[in-house]
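Data first, discussion second: the structure below is written as structure tokens.
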Amino acid sequence: MLGVDVENPVELVQEIVGSGNRYGLDVMCWTLRSAPWIKDSSLDEKRRIFDLIAAAAPKFAGDMLRLSISDVGFYSAWIIAQEQFYTGDDFLGYLDDFIVIKTTEPRELFVILDAGYDGKLSNAGKYRLVQFIGKVTKDYVTSYLNNG
């Protein structure tokens, strides 16, 4: 539905996010990664959609020793969808702040790797996340050896 032109995208995103349906949110985020109507959206629409998506942060299933590929894929789609609607000048700075300051979840660092942001952050050379992403992911793998 969001993959084609829509009349009121903010309202549609608001309805999906408000439903609390994880599958609906997952499909929406995957679709928003490349929806053709994004380029024609106003700055206000983009800002409102970004805020809605950002507020719908996914939660990893299970305890810390569980890391499923579906959780990583869903979280990656959520981050990439945010980037499509980010209206600031530095999405990588936003992402760096989000992960370094606000998160307590080491599994999010695997999402950064999966979504390809580690290279972008590293190439920019100015983000704190680059300094500890390798260490934290290595420590996680070492601590949870049976997570296959």
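The values are calculated or read from the model by the stated rules, or taken from the named source; none is laboratory data. Just so we're clear, the structure is a prediction, and the values are computed from it rather than from any experiment. No Cβ is skipped: glycine too gets one built from the backbone with ideal geometry, and neighbour counts run over all protein chains shown. All accessible areas refer to the heavy atoms of the entire protein, side chains included, with ligands and DNA or RNA removed. Shrake-Rupley method; radii C 1.70, N 1.55, O 1.52, S 1.80 Å.
Brief remarks follow.
- Computed from label points 7 Å out along Cα-Cβ, the spacing between K120 and I69 is 2.3 nm.
- The listed residues D89, D71, D51, once ranked by accessible area (1.4 Å probe) with the largest placed first, stand as D89, D51, D71.
- Contour excess over end-to-end distance, with Cα ends at K39 and Q131 and 0.36 nm allotted per residue: 29.7 nm
- Per-residue [θ]222 nm for the chain (sum of -39500 (n - 2.57) over DSSP H runs n ≥ 4, rounded to 500): -18500 deg cm²/dmol
- Comparing Cα centroids, the stretch 81-97 and the stretch 100-123 end up 13 angstrom apart.
- Out-of-range pairs (alpha-carbon distance over 28 Å; input K46/K138; K102/K135; K59/K120): K46/K138
- Computed from the Cβ-Cβ distance with R0 of 41 Å, the FRET efficiency linking I101 to L12 stands at 0.85.
- Shape of the stretch 16-148, Cα gyration tensor, a/c cut at 1.5: oblate
- Going by accessible surface with a 1.4 Å probe and the largest first, S19, S41, S68 read S19, S68, S41.
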